[in-house]
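The structure under discussion appears below in the form of structure tokens.
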Amino acid sequence: MSTVNITIGPRTYPVACGDGEEAHVEKLAAVIDQKYAQLGAARTARESQNLLFTALFLADELAEAKKGNIAPSEPEKPSGKKAELKAEIDDLRSQNEALKSELEQLRKAASTQTDLYSGDTADTDAIAEKIEALAARAEATADALEGVGTDA
């Protein structure tokens with residue numbers, strides 16, 4: 001048994017597969033990721049809903065292919081500038097996820113920590129707001145770069 005890490009949209013998932021099946025699983029994941037990207041601005045904050053719509057896209061395409069109306073699509077492999085932009089987007093999304101995780105940890109620590117001097121959590125709230133703003137900027141930058149990548 002082997003494990004492959006696949007990326008669908010902004011998340012990476014470990015997937016178990018048989019030895020020698022890694023490349024096939026990665027190719028399937030690329031098809032799913034391509035359909036996920038078609039959601040564009042229609043993506044929601046709930047990842048499960050985004051994945052559901054992606055699955056519906058694929059099921060519709062499969063149904064049409066079975067009818068003989070269309071051929072199943074192959075994932076487009078980014079190259080050149082597009083590949084660089086995709087790598088940068090993936091990096092920004094990864095940084096954004098790390099910031100969100102750090103923010104959550106800070107919030108948990110802030111909710112259980114008592115300020116020994118004044119009981120004031122204004123500093124903690126200010127730090128949390130700055131981290132949230134930074135995470136929002138990272139996500140906006142990733143979205144902007146993704147838009148540039150699709151225009152290239």
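The values are calculated or read from the model by the stated rules, or taken from the named source; none is laboratory data. This structure is a prediction, so every number in the text was calculated from the model and none was measured. Every residue, glycine as well, gets a Cβ built from its backbone with ideal geometry; the counts of neighbours run over all protein chains shown. These area figures cover heavy atoms from the full protein model, side chains too; ligands, DNA and RNA do not enter into them. Shrake-Rupley method; radii C 1.70, N 1.55, O 1.52, S 1.80 Å.
Only residues in the range 58-69 that are closer than 18 Å to Ala37 by Cα and free of Cβ contacts under 8 Å to residues at least 60 places away in the same chain count as the first member; pair them with residues that are among the basic types (Lys, Arg) and open to solvent by less than 60 Å² (accessible area, probe 1.4 Å), Cβ under 7 angstrom, at least 6 apart or cross-chain, and list the lot.
Leu58/Lys35
Tally time: how many residues in the range 17-33 are closer than 12 Å to Phe57 by Cβ and open to solvent by less than 50 Å² (accessible area, probe 1.4 Å)? Spell out the reasoning first.
Looking only at the range 17-33, we keep the residues that are closer than 12 Å to Phe57 by Cβ, and these are 31-33.
Now narrow it down to the ones that are open to solvent by less than 50 Å² (accessible area, probe 1.4 Å): 31, 33.
The qualifying residues number 2.
Step by step: first the residues of the range 69-86, then only those that are closer than 24 Å to Leu28 by Cβ and open to solvent by less than 60 Å² (accessible area, probe 1.4 Å), then the one that is modelled with the highest pLDDT. Which residue is that? If you could, list the steps in order and put the result at the bottom.
Restricting attention to the range 69-86, the residues satisfying the condition of being closer than 24 Å to Leu28 by Cβ are 69-79, 82-83, 85-86.
Restricting the remaining residues to those that are open to solvent by less than 60 Å² (accessible area, probe 1.4 Å) gives 73, 75, 78, 82-83, 85.
Details: Ser73: 57, Pro75: 56, Pro78: 59, Lys82: 74, Ala83: 74, Leu85: 80.
In this case the residue turns out to be Leu85.
Out of the range 89-119, which residues are open to solvent by less than 90 Å² (accessible area, probe 1.4 Å) and either of a type in the set (Val, Ile, Thr) or modelled with pLDDT under 75 (or both)?
Ile89, Ala109, Ala110, Asp115, Ser118, Gly119
Return the residues of the range 120-135 that are hydrophobic (A, V, I, L, M, F, W, C) and either closer than 19 Å to Asn96 by Cβ or at pLDDT 75 or above (or both); say none if nothing qualifies.
Looking only at the range 120-135, we keep the residues that are hydrophobic (A, V, I, L, M, F, W, C), and these are 122, 126-128, 131, 133-135.
Passing the criteria: Ala126, Ile127, Ala128, Ile131, Ala133, Leu134, Ala135.
List every residue pair whose Cβ atoms sit under 7 Å apart, with the two residues 6 or more apart in sequence or on different chains, where the first one lies in the range 30-49 and is over 19 Å from Glu97 (Cα atoms) and in a loop (DSSP other than H, G, I, E, B) and the second, anywhere, is among the hydrophobic types (A, V, I, L, M, F, W, C) and open to solvent by 40 Å² or more (accessible area, probe 1.4 Å).
Hits for this filter: Gln38/Phe57; Leu39/Phe53.
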